[in-house]
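Just so it is clear, none of the values below were taken in a lab; they were calculated from the coordinates. Nothing here was measured: the structure is a model prediction, and the numbers come from that model.
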């Protein structure tokens, strides 16, 4: 399920890192040919290593465009702080979800991967955190409606996604808050469901 890598504490030799020629312009890397060039960014491999068969270790390395490694799942270790920041809470206990999110052993690193279990757990954890924010808060004392839901949906998205939600995203959030949360539930609970829907979206769970 996950590739686990032991972080070595011994530096065997000074390494010179590979560098990409080009500049970050308009959100992307452009080669030295100048801004606006359609040529791919050129990365210079500073040092090559061979395996026991004499083949370069980087021979089968996939060539990716700059920025292609985005949308990686956030590791479990940062989730508590992420919920605290997004919801302005002093503490969020995520320990019960450690196994589901694949918390690695001490001094090991595991690349987080999404599965049906983690997606379900992400909503459950978000709902738990959102409940801490909505319970007893007068802002959420009245059930979501067509007037209040757009404002709250945009606010949740702004804090969780660090960007403005599109009109389509807001419309989906409003529909969920007004029409798909149980009308018999307390207003604070319905808002918590709405909040959890935003905080279990890709824009919050990845970086």
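Potential lengthening of the chain between residue 168 and residue 207 amounts to 11.9 nm, from the contour at 0.36 nm per residue minus the alpha-carbon distance. A straight chain from residue 145 to residue 108 at 0.36 nm per residue would run longer than the Cα-Cα distance by 8.6 nm. When both the range 55-108 and the range 129-207 are represented by their alpha-carbon centers, they are found 24 Å apart.
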